[in-house]
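Below is one structure, written out as structure tokens; the observations come after it.
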Amino acid sequence: MKIGLFGGTFDPVHRCHVAVATQVRDRLDLDRVLLIPSGDPPHKPLGTLAPAVHRLEMVRLAIAGESFLEASELEIRRPAKSYSIETVRTLKEQYGPGAELFFLIGLDAFLELHTWKDAPSLLSLCHFVVVSRPLCRFAALRTLPVLPPLDPIALAHIDSQGQDRLDFPLTGGTSLILLALPPCEASATDIRRRLRARLPLSNLLPASVESYIIQHRLYQEASDRTRVEG
Ligand code: ATP
């Protein structure tokens, strides 16, 4: 079993999230990809994420009909903040030694990896699949403290679309897999801004998610919101 784990705030889930999950699934021939919305912030400061119950439901709507994508409640059921290392350990135990886990992440988020809890252990527990994101360059990985030295020429090559995949071995027998995907421009921050300003959403969201947001009057407050860290 090859299982992809795709975490995020999904606030809200948008069409690029679904595109990443389906394209990585196809490219790496994964059996299943779990989309794992993060839990509510422990002390619920005013003006942070939309409630987890809504974010989870939107993920469910976005992936309806995609049989190999699954919404996971693992992080939203935990009372405390979930660290990725705990999520991966739990899922490794749950799926057992026969399963190979692939942690899907956008390049922008992966560039923050050194700030995560137990990042070196996390890299040795599962494969990491880092996908391109508009305005980010794989060359920036050269200076990421938790990674072994990466060949700068190979990184420049994938940035210039000379190749669409690069694999690097990591300690523990895992791999760092860099995948160049067709550029997908949606971002949750921009979508929330558009909703507050009543600007067109231009197909950035699956139709069912857009209807859910309208029905539940999400993201309509005028004040800007502080993001919580992943
Ligand atoms: P924000 O706009 O606030 O940064 P987001 O759109 O990145 O939010 P998240 O829920 O934070 O949404 O993202 C979950 C994961 O999806 C992250 O690993 C992120 O890098 C990745 N991701 C999100 N949008 C894209 C995109 N357009 N292309 C590639 N990866 C993406």
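The values are calculated or read from the model by the stated rules, or taken from the named source; none is laboratory data. Here the structure is a predicted model, which means the values were calculated and not measured. Don't worry about glycine lacking a Cβ; one is built from the backbone with ideal geometry, like all the others, and counts go over all protein chains shown. Keep in mind that these areas ignore ligands, DNA and RNA; they rest on the heavy atoms of the full protein, side chains included. Shrake-Rupley method; radii C 1.70, N 1.55, O 1.52, S 1.80 Å.
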So for R0 = 30 Å, FRET eff. of E112-L181 from the Cβ-Cβ r, to 0.05, ends up at 0.95
Expressed as a rounded percentage, what relative contact order does the chain have, with Cα pairs under 8 Å and six or more residues apart? 23
Cα axis of helix 52-63 to longest principal axis of the chain: angle in degrees, 0 to 90, nearest 10? 70
Find how much the distance from I153 to R77 grows on full extension, using 0.36 nm per residue of separation minus their present alpha carbon separation; answer in nm with one decimal. 23.0 nm
Taking H as built 1.01 Å from N, whose amide H comes closer than 5 Å to the amide H of L5, not counting residues under 5 places away? L34, F102, F103, L104
Using alpha-carbon coordinates, inclination of helix 15-28 to the longest axis of the chain, degrees: 30
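Give, in nm to one decimal, the length gained when the segment between S67 and K2 is fully stretched (0.36 nm per residue of separation minus the Cα-Cα distance).
Working: separation 65, 0.36 × 65 = 23.40 nm, distance 1.49 nm.
Extra length from S67 to K2 when fully extended: 21.9 nm.
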Choose one of H54, S121, I85: the residue whose Cα lies farthest towards the positive end of the charge dipole of the chain (beta-carbon charges +1 Lys, Arg; -1 Asp, Glu; about the Cα centre). H54
Hey, what do the phi angles of segment 93-102 turn into as Karplus ³J(HN,Hα) couplings, whole Hz, using 6.51/-1.76/1.60 and θ = phi - 60°, x for Gly and Pro? 5, 4, 8, x, x, x, 9, 10, 9, 10
Segment 77-230 accessible area per residue, 1.4 Å probe, protein heavy atoms, integer Å², reads 55
How much solvent-accessible surface does H157 expose, in Å² to the nearest 10, with a 1.4 Å probe and all protein chains in place? 80
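Over the chain, with every protein chain in place, what whole percent of the accessible area is carbon and sulfur at 1.4 Å, could you tell me?
Reported share for carbon and sulfur atoms: 52 percent.
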Determine the calculated [θ] at 222 nm for the chain from helices alone, applying -39500 (n - 2.57) to every DSSP H run no shorter than 4 residues and normalising by the residue count; nearest 500 deg cm²/dmol. -9500 deg cm²/dmol
Can you spot the aspartates and glutamates whose alpha carbon is less than 17 Å from K92's alpha carbon? Ignore those fewer than 8 places along the same chain. D31, E70, E73, E75, E100, D118
Where does each of 194-201, 65-72, 107-114 land if you order them by average Cβ count within 10 Å, highest first? 107-114, 65-72, 194-201
Using only the Cα atoms of segment 1-156, build the gyration tensor, take square roots of its eigenvalues as a ≥ b ≥ c, and label the shape rounded, prolate or oblate: rounded if a/c is under 1.5, else prolate if a/b is larger than b/c, else oblate. rounded
